[in-house]
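Enquirer: Here it is, the structure in full.
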């Protein structure tokens, strides 16, 4: 088995706080295309440690953003956690930020899907499983890194995810027993249920031969090479495949391993009542399947946006404060 190469640290400054930035490269065969796999195998890790708390007594939160989003999108949680005396660790998952194919830092999954087509790599349930397994390995690598470099050996470790990051975190939490607490925002742990609600009802038509033909006509006006229309159709195709729950999807679905979650490991989801992508009822049903699981539905909140009330950032900060209040110094 190959080992991770770790470079750094270098100082990093976010939200008025100073931390340590590492670069990790850990080869993983995501697609079989050497160039694509190399881009997806390296990622930044940012560690923000509270000043004045003994490292061995410091709880840890490791956080992941949504699909294709850079870790900087999560930087707003750094002051919240440090002020509670909790270490904050951020890193890029495959397709996000410095670990993406396009390096656009826009958090746009369709642009990333378009890039896969440029490399001649199909989006598939096999790739979804590969990302789940690779990120679970990343969590393990990062925990060893902060133990060895920072003395952060406390076993109070929470995995905090947003949207797709909730699914990635859930897989590591359930299948490999990583972390003592799972916190999911605008998402839940059921891969099939998540993609089922995410996939538009007209997807079968859009990805049919007729839909593809219409897409080709549209591409005439968008220029040569793979276009955003191609990316959108490919993205919808893999969502449709995952929502059907084939064998690879079942292997990638965190809920396949829910029976491995012990009673002392808590699971919490925060979802919006107005979220068009994540159905609140699905999050509630998912949470009920755990010995210590709860889902909280926020009126006015959508998928990171809002129609009224506090914004997503405020809700997440409050969520952290209430769910990890017993970890404060």
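The values are calculated or read from the model by the stated rules, or taken from the named source; none is laboratory data. Everything quoted here is computed from the prediction, not taken from an experiment. Positions of Cβ are generated from backbone atoms using ideal geometry, with glycine treated the same way; all protein chains shown enter the neighbour counts.
Enquirer: For segment 41-70, which positions are assigned to a loop (DSSP other than H, G, I, E, B) and within 14 Å of the chain's Cα centre (by Cα)?
Expert: Step one: filter segment 41-70 for residues assigned to a loop (DSSP other than H, G, I, E, B), giving 49-54, 58-59, 65-70.
Listed by number, the residues that qualify are 65, 66, 67, 68, 69, 70.
Enquirer: Would you confirm whether or not segment 28-35 contains a residue that is within 18 Å of the chain's Cα centre (by Cα), in a loop (DSSP other than H, G, I, E, B) and more than 16 Å from residue 131 (Cβ to Cβ)?
Expert: Residues of segment 28-35 within 18 Å of the chain's Cα centre (by Cα): 28, 30.
Filter once more, keeping what is in a loop (DSSP other than H, G, I, E, B): 28, 30.
Applying the additional criterion that residues be more than 16 Å from residue 131 (Cβ to Cβ) yields none.
No - not one qualifying residue is present in segment 28-35.
Enquirer: Please determine, by comparing only the residues of segment 13-27 that are outside any loop (DSSP other than H, G, I, E, B) and over 22 Å from the mean Cα position of the chain (by Cα), which one is nearest to residue 81 (Cα to Cα).
Expert: So the first thing to find is which residues in segment 13-27 are outside any loop (DSSP other than H, G, I, E, B), and the list is 13-14, 17-25.
Now restrict to residues that are over 22 Å from the mean Cα position of the chain (by Cα): 13, 17-18.
Working: 13: 15, 17: 11, 18: 13 Å.
Top of the filtered list is 17.
Enquirer: For segment 10-26, name all the residues that are touching a helix residue (DSSP H, G or I) at 6+ places or on another chain (Cβ under 7 Å), at negative phi and surrounded by 15 or more Cβ atoms within 10 Å (Cβ to Cβ).
Expert: 14, 17, 22, 24, 26
Enquirer: Can you name the number of the only condition in (1) surrounded by fewer than 18 Cβ atoms within 10 Å (Cβ to Cβ); (2) assigned to a loop (DSSP other than H, G, I, E, B) that residue 79 fails?
Expert: (2)
Enquirer: In segment 50-71, how many residues are touching a strand residue (DSSP E or B) at 6+ places or on another chain (Cβ under 7 Å) and without any contact (Cβ under 8 Å) to a residue 60 or more places away in the chain?
Expert: 1
Enquirer: At pLDDT 55 or above, buried (at least 24 other Cβ atoms within 10 Å of the Cβ) and not in a helix (DSSP H, G or I): which single residue out of 123, 167, 160, 152 fits that description? Let's see the steps before the verdict.
Expert: On the way: 123 fails: buried (at least 24 other Cβ atoms within 10 Å of the Cβ); 167 fails: not in a helix (DSSP H, G or I); 152 fails: buried (at least 24 other Cβ atoms within 10 Å of the Cβ).
Of 123, 167, 160, 152, the one residue that is at pLDDT 55 or above, buried (at least 24 other Cβ atoms within 10 Å of the Cβ) and not in a helix (DSSP H, G or I) is 160.
Enquirer: Still on this structure: Just for helices (runs of 4 or more DSSP H) wholly inside segment 222-329: which have at least 3 residues that are surrounded by fewer than 16 Cβ atoms within 10 Å (Cβ to Cβ), touching a helix residue (DSSP H, G or I) at 6+ places or on another chain (Cβ under 8 Å) and without any contact (Cβ under 8 Å) to a residue 60 or more places away in the chain? Walk me through how you get there before you give the answer.
Expert: On the way: elements: 228-243, 247-252, 280-287, 312-323.
Counting at least 3 such residues, we get no helices (runs of 4 or more DSSP H) at all.
Enquirer: Here are 200, 204: which of them is loosely packed, with under 14 Cβ neighbours inside 10 Å and either in a helix (DSSP H, G or I) or at pLDDT 95 or above (or both)?
Expert: Being loosely packed, with under 14 Cβ neighbours inside 10 Å and either in a helix (DSSP H, G or I) or at pLDDT 95 or above (or both) holds for just one of 200, 204, which is 204.
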